[in-house]
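Please read the structure below before turning to the comments.
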Amino acid sequence: MAKRNDRPTLATVAERAGVSIKTASRVLNGEKHVAASTAEKVETAAEELGFRLNSTARRLRAGGRSPYIGVVLSDAGDAFQARAFAAVEAELAALDLRPVVTVVGDDPDREEAFLDECLANDLTGIIVIRAHPEAAETYARAASAPGIRIVTLDPAVTGPGISVVAGDDREAGRLAAEQLLAHGHMALGVIGDLSPSLITTRRLQGIQDAIAGRTGVGWRAYMREDAHDEASAKNVVAAWLGSRSAPSALITLSATVTQGAIDACRRLGEWPALVGIDDFPTAELLDVTVVDRNVESLATEAVRRLRSGAEPTDSGGGKGRLGEGGNPHPSETTGRERVDDGVPEFDNALCVIARGSGEEPPDTR
């Protein structure tokens, strides 16, 4: 009989039910050809003792892989990453898989150590939501290990064996700028994220695309690329709004930066037009216009590729990698693309969610 504080084992369940360990194992593993009365005694004993089968050990003994999936974030406080992780976790749970998470912050060495641990413990795969800008080579090395699958939502993490499920960041920048230009704004303040980030670079390219061919539009004088958190974004916007030549509109290149900008506007009582890239929980309450994507669809596709090892193919739409010419990158999906495996295309289209802040003309400031 197990002591009150002992963790119950299969042997204690068998003893309580008055059967052999082999019989208890057969019942709890759902095997057939066990008498109903015997099965009932074993199940009752297991419930009374609070016994649960170690599904991980059982899977490994049967020659399967670990049910654990490594998940990498760079900033748990970033709204996009938090939304993406919640969606990925839900998709994994539906498949009886569980995430092992690291938040790397500004430490690429921590990211490398986490990947080493994932490989050493034979994890089934790794999903990268956002990586440190200096960590791309680390993933390329990890992807060369036998049996590991890596799927990333970060377009900077690429290479053989890595499947990229990423949004069209260049198009996101273009849509944000077009929204403000369409309402008459000619002086745009652009607040970026870390300048080495490929995502930031592409969003800036999209803004340039929107401005190309237009005269009288100023934005380079109001360009800041290194406002990577709420505090630094708030300081940038406060300095702009306190000057005599403040921009009439703001484009913020991440949800974190958007929240910092709004804090500065609220404190100063100045409300320039604003369009942010990536939605966040309080954006609707604050009437913030954003450019967003279907995060749940991204997560579904990432987990599907992790399980199947599928690589996307050219959908024939003629759209290049993130708006560039030529064929798409062989392992990157943008817009509404198709994986040629009988699974319907997933929704990764961008949209402008107009809530008011991006629709204010310049003369209402």
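The values are calculated or read from the model by the stated rules, or taken from the named source; none is laboratory data. Remember, it's a predicted structure, so these values are computed and weren't measured experimentally. All Cβ positions, even for glycine, are placed from backbone atoms using ideal geometry, and neighbour counts span all protein chains on display. For the accessible areas, the whole protein counts, side chains as well, though only heavy atoms, and no ligand, DNA or RNA atoms are used. Shrake-Rupley method; radii C 1.70, N 1.55, O 1.52, S 1.80 Å.
Structure notes:
- Residue, nearest to Ala283 (Cα to Cα), within the range 223-263, restricted to residues that are among the hydroxyl-bearing types (Ser, Thr, Tyr) and either out of contact with any strand residue (DSSP E or B) (no Cβ under 9 Å at 6 or more places or on another chain) or open to solvent by 40 Å² or more (accessible area, probe 1.4 Å) (or both): Thr256
- Of the numbered criteria (1) part of a helix (DSSP H, G or I); (2) under 30 Å from Ser163 (Cβ atoms); (3) at pLDDT 95 or above, the one Asp279 fails is (1).
- Some residue of the range 263-275 being within 18 Å of Ala221 (Cβ to Cβ) and part of a helix (DSSP H, G or I): no
- Cβ pairs under 6 Å, 6+ apart, first in the range 98-111 and farther than 16 Å from Ala136 by Cβ, second assigned to a helix (DSSP H, G or I): Pro99/Glu89; Pro99/Leu92; Thr102/Phe114
- Selection from the range 264-285 of residues that are surrounded by fewer than 22 Cβ atoms within 10 Å (Cβ to Cβ), farther than 22 Å from Ala239 by Cα and among the aliphatic types (A, V, I, L, M): Leu285
Condition check ((1) more than 29 Å from Ile277 (Cβ to Cβ); (2) at pLDDT 90 or above; (3) surrounded by fewer than 16 Cβ atoms within 10 Å (Cβ to Cβ); (4) touching a helix residue (DSSP H, G or I) at 6+ places or on another chain (Cβ under 9 Å)) across all residues:
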residue	(1), (2), (3), (4)
Lys32	yes, no, yes, yes
Gly64	yes, no, yes, yes
Thr102	no, yes, no, yes
Ala113	yes, yes, yes, no
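- Residue match in the range 159-173 (condition: under 27 Å from the mean Cα position of the chain (by Cα) and more than 28 Å from Glu296 (Cβ to Cβ)): yes
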